[in-house]
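So the structure is just underneath, and the comments pick up after that.
The values are calculated or read from the model by the stated rules, or taken from the named source; none is laboratory data. A quick note: this is a predicted structure, and the numbers were derived from the prediction, not measured. No Cβ is skipped: glycine too gets one built from the backbone with ideal geometry, and neighbour counts run over all protein chains shown.
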């Protein structure tokens with residue numbers, strides 16, 4: 001469940017066996033999502049985020065909060081479908097090359113990744129090119 005973020009939740013009842021906390025409002029949920037990504041230090045998958053917040057927020061509510069964060073340019077939906085804080089896309093090397101579900105905010109996704117996907121012909125080819133490019137940069141920095 002939620003690690004360090006539990007401190008931000010209001011405890012309603014506590015005894016030796018159980019702790020009951022008040023579920024966060026949308027602003028609190030946004031804060032929890034951002035804290036989880038920051039704590040991981042890398043973009044996070046939908047599955048990881050859902051698992052981390054199980055019991056606190058349903059999928060619909062979590063999706064709504066993610067869409068809000070993406071639309072405000074606080075969170076970036078990476079080309080491989082993971083979610084990171086703005087700026088992480090500059091150094092992030094995509095983890096997987098597979099068919100993905102549709103983006104949460106298609107207009108933002110297309111604006112950020114559309115030219116690369118179009119030039120390469122598919123999302124998988126764009127991810128492969130991005131991976132190769134980032135690996136070359138990483139190796140170039142290591143040699144200098």
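Per-structure values
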{"quantity": "Looking only at region 55-79, and only at residues there that are in a loop (DSSP other than H, G, I, E, B) and loosely packed, with under 13 Cβ neighbours inside 10 Å, the one that is nearest to the chain's Cα centre (by Cα)", "calculated": "73"}
{"quantity": "Every pair of residues 6+ apart whose Cβ atoms lie under 6 Å, when the first sits in region 121-135 and is more than 12 Å from residue 92 (Cα to Cα) while the second is modelled with pLDDT of 85 or more", "calculated": "123/117; 126/116; 126/117; 126/120; 129/120"}
{"quantity": "Failed item in (1) over 30 Å from residue 136 (Cβ atoms); (2) out of contact with any helix residue (DSSP H, G or I) (no Cβ under 6 Å at 6 or more places or on another chain); (3) surrounded by 19 or more Cβ atoms within 10 Å (Cβ to Cβ); (4) at pLDDT 90 or above, with residue 32 passing the rest", "calculated": "(2)"}
{"quantity": "Number of positions in region 80-103 that are modelled with pLDDT under 90, part of a loop (DSSP other than H, G, I, E, B) and surrounded by 11 or more Cβ atoms within 10 Å (Cβ to Cβ)", "calculated": "11"}
{"quantity": "Failed item, numbered, when residue 50 is tested on (1) touching a helix residue (DSSP H, G or I) at 6+ places or on another chain (Cβ under 7 Å); (2) over 30 Å from residue 19 (Cβ atoms); (3) assigned to a helix (DSSP H, G or I); (4) modelled with pLDDT of 90 or more", "calculated": "(2)"}
